[in-house]
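Q: My questions all concern the structure below.
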């Protein structure tokens, strides 16, 4: 079978599996708020309010869009937000199917031509794996309620699928566009839940396996350490430090220089954007593709992470629920650091 026929069937069966998952989840969604944080998330999404730290602004923004389909009937808002989780979970199943078939295809490619029997085995493995996950208890449970885990699972699934797409095209020109897409999706996922960051080690290992023909113990160790550094750099570096620098410059500009409120934050934003533009121009001029890609990845992570500006904007509107009042960089830093929870000494 040629590649085009395989790809067409892969897409058709994938969307069929998606349809099954979507039908099941939409048929079994909670009609209103369920336990845990669902009630808070639904209320915050409906009026774009500020919920508990560290926030889920992208989830709330998309939830607000789905709540519009209640057409003013507040009794239907919960079901509309829950349907968002159902569709996110169905898309998770779709990308899980495509990831399984991509991995199965690699096994088949090593054994020779893609015959009809092998093709059936590839699609069957994808369908069985995806549908088994569709009806698993924990995933089905999160798929029918207004919690962040369904959307977080979607981001994890699409990120892993994207690295497999990169792996297949890694030797082609412009293949690194998939790496940049992954960085952007990771940035967006921060506005939902940090769980998606756990996909980073898998991404780094796939990159290592593709770029090195000989796999060594030292190579695996170094790759593992590097993946932890990247994970820690995003969670402990980019997420808090971007806002911390803004908060420090804001305090200095207002308290020491006597400038108006938010002037330090504006100055910081100008310096940050200017530095990124200079870095991209420099690496392009000096023909440094790896460094250029790193800066691009950092940039798109920031673009995705910028969903947290929604919290600042809405906090300044003083909605009924405005936890921690993160209407400026200083308060936003406290919000992101979860300072309201205090510490839990276990010694």
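Q: Report yes if some residue within the stretch 303-316 is surrounded by 16 or more Cβ atoms within 10 Å (Cβ to Cβ), more than 29 Å from residue 197 (Cα to Cα) and touching a helix residue (DSSP H, G or I) at 6+ places or on another chain (Cβ under 9 Å); otherwise report no.
A: No; the residues of the stretch 303-316 include none that is surrounded by 16 or more Cβ atoms within 10 Å (Cβ to Cβ), more than 29 Å from residue 197 (Cα to Cα) and touching a helix residue (DSSP H, G or I) at 6+ places or on another chain (Cβ under 9 Å).
Q: Does the stretch 110-125 contain any residue that is outside the structural domain of residue 185 (by TED's automatic domain parsing), touching a strand residue (DSSP E or B) at 6+ places or on another chain (Cβ under 6 Å) and not in a helix (DSSP H, G or I)?
A: No, the stretch 110-125 contains no residue that is outside the structural domain of residue 185 (by TED's automatic domain parsing), touching a strand residue (DSSP E or B) at 6+ places or on another chain (Cβ under 6 Å) and not in a helix (DSSP H, G or I).
Q: So in the stretch 305-320, with the set limited to residues that are in contact (Cβ under 8 Å) with a residue 12 or more places away in the chain and over 20 Å from residue 337 (Cβ atoms), which one is nearest to the chain's Cα centre (by Cα)?
A: 319
Q: Checking residue 326 against (1) under 24 Å from the mean Cα position of the chain (by Cα); (2) touching a residue at least 24 places away in the same chain (Cβ under 8 Å); (3) surrounded by 14 or more Cβ atoms within 10 Å (Cβ to Cβ); (4) in a helix (DSSP H, G or I): exactly one of these is not met. Which one?
A: (4)
Q: Also: Kindly indicate which of 136, 142, 189, 153 is under 30 Å from residue 40 (Cα atoms) and out of contact with any helix residue (DSSP H, G or I) (no Cβ under 7 Å at 6 or more places or on another chain).
A: 136
Q: Sort out which residues of the stretch 134-143 are surrounded by fewer than 18 Cβ atoms within 10 Å (Cβ to Cβ) and within 22 Å of residue 12 (Cβ to Cβ), and write them in order of number.
A: 135
Q: Is it true that residue 251 is closer than 21 Å to residue 237 by Cα, surrounded by fewer than 19 Cβ atoms within 10 Å (Cβ to Cβ) and more than 27 Å from the chain's Cα centre (by Cα)?
A: Considered against the rule, which asks whether it is closer than 21 Å to residue 237 by Cα, surrounded by fewer than 19 Cβ atoms within 10 Å (Cβ to Cβ) and more than 27 Å from the chain's Cα centre (by Cα), residue 251 comes out as yes.
Q: Sort through 131, 96, 103 and tell me the only one that's in contact with a helix residue (DSSP H, G or I) (Cβ under 8 Å, 6 or more places away or on another chain), surrounded by 20 or more Cβ atoms within 10 Å (Cβ to Cβ), part of a helix (DSSP H, G or I) and in the same structural domain as residue 53 (by TED's automatic domain parsing). Before you say what the answer is, go through the steps one by one.
A: Values: 131 fails: surrounded by 20 or more Cβ atoms within 10 Å (Cβ to Cβ); 103 fails: surrounded by 20 or more Cβ atoms within 10 Å (Cβ to Cβ).
Step by step, each of 131, 96, 103 is checked, and only 96 is in contact with a helix residue (DSSP H, G or I) (Cβ under 8 Å, 6 or more places away or on another chain), surrounded by 20 or more Cβ atoms within 10 Å (Cβ to Cβ), part of a helix (DSSP H, G or I) and in the same structural domain as residue 53 (by TED's automatic domain parsing).
The values are calculated or read from the model by the stated rules, or taken from the named source; none is laboratory data. Since we're looking at a predicted model, the values are computed, not measured. Please note: Cβ atoms are built from the backbone with ideal geometry, for glycine as well, and neighbour counts cover all protein chains shown.
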